[in-house]
Amino acid sequence: MRILIVEDDTHIAENLVLFLEMKGHECDYATSCRGASQRLAQAEFDALIVDRGLPDGDGLSVIRDLRARGSSLWALVLTARDTLEDKLAGFEAGADDYLLKPFALQEVEARLDAIARRGKLREDAGTWQLGDIEYDSSAQEVRRGGSALRLPPKALRLVAVMLPHPNRAFSRRELELAIWGHEQESSDNLRSLLHTVRRHLGETCSVEIVNMHGLGYKLALR
Ligand code: CA
């Protein structure tokens, strides 16, 4: 994978680059938000690893800019901040996952493996429609009958993953990898997310999420 690392602590950055290149990845490196934007404009990457405390701002702004341009580049946030508000701010900005400093290099590798496994489950770029539901990846928006639904970020991702493949059964594991980047210890997380999506779609929606006993879930017309 081609990975962009944005970190102003040269010790951490060098360790990351050495470790990831040893594992066969190709790394590029920036020390500021501005440097990161330049690299992202110049080359294609498969993953972004970004620190929050950078000399010219919060690393989350790099992710926010990417998402505003419609990019679904996988983004991992490195942070020493561990309050719930900080985690939520990360996901709100469009981060896919985060690691609290200090972290073990193996943890970074485990997160990268998770993206490689989900492979084609990345949301594809474009617009998809099923019944009265439409997902627009560049606007990062799900619309019903033309009006945008106010879905929380993970609920939006669930629709983004399932809508391009109507009637396909997604296993719990597949959905968890696509949404959280790794399997969840409890099945309650996915169940509550499905509940959120169903509530937002509403009972009169022409599309529904169907439980397929023992197989998982599919999105289908009612
Ligand atoms: Ca820093």
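Things to note:
- Test: residue in the range 12-25 that is in contact with a Ser or Thr (Cβ under 7 Å, 6 or more places away or on another chain), more than 27 Å from PRO153 (Cβ to Cβ) and not charged (D, E, K, R): no
- Taking residues in the range 63-83 that are assigned to a helix (DSSP H, G or I), and partners anywhere that are among the basic types (Lys, Arg) and surrounded by fewer than 22 Cβ atoms within 10 Å (Cβ to Cβ), not one pair has Cβ atoms closer than 7 Å while being at least 6 places apart or on different chains.
- Considering the range 21-46, the residues that are away from the ligand (no atom under 15 Å from the Cβ) and small (Gly, Ala, Ser) include one that is surrounded by the most Cβ atoms within 10 Å (Cβ to Cβ), namely SER37.
- The requirement of being under 23 Å from ALA139 (Cα atoms), assigned to a strand (DSSP E or B) and away from the ligand (no atom under 16 Å from the Cβ) is fulfilled somewhere in the range 94-106, by at least one residue.
- Counted as qualifying within the range 111-222 are the strands (runs of 3 or more DSSP E) with 2 or more residues that are acidic (Asp, Glu), namely 133-136.
- Residue count, the range 143-158 (criterion: under 23 Å from ALA95 (Cβ atoms) and free of Cβ contacts under 8 Å to residues at least 40 places away in the same chain): 4
- The set of residues in the range 188-204 that are open to solvent by 80 Å² or more (accessible area, probe 1.4 Å) and either at positive phi or not β-branched (Val, Ile, Thr) (or both) comprises ASP188, ARG191, HIS195, ARG198, ARG199, GLU203.
- Set side by side, the residues ILE49, ILE5 differ, and just one is among the β-branched types (Val, Ile, Thr), within 16 Å of the ligand (Cβ to nearest atom), outside any loop (DSSP other than H, G, I, E, B) and in contact with a helix residue (DSSP H, G or I) (Cβ under 6 Å, 6 or more places away or on another chain), which is ILE5.
- Contacts under 9 angstrom Cβ, first residue in the range 8-19 being open to solvent by 70 Å² or more (accessible area, probe 1.4 Å), partner within 11 Å of the ligand (Cβ to nearest atom) and not in a helix (DSSP H, G or I), 6 or more apart: THR10/THR31
- Residue check for GLU185: open to solvent by 40 Å² or more (accessible area, probe 1.4 Å), among the acidic types (Asp, Glu) and closer than 19 Å to ASP97 by Cα: yes
The values are calculated or read from the model by the stated rules, or taken from the named source; none is laboratory data. In this text, all values refer to a predicted model and were calculated from it rather than measured experimentally. Using ideal geometry, Cβ is built from the backbone for each residue, glycine included, and neighbour counts are taken over all protein chains shown. Ligands, DNA and RNA are excluded from the accessible area calculation, which covers all protein heavy atoms including side chains. Shrake-Rupley method; radii C 1.70, N 1.55, O 1.52, S 1.80 Å.
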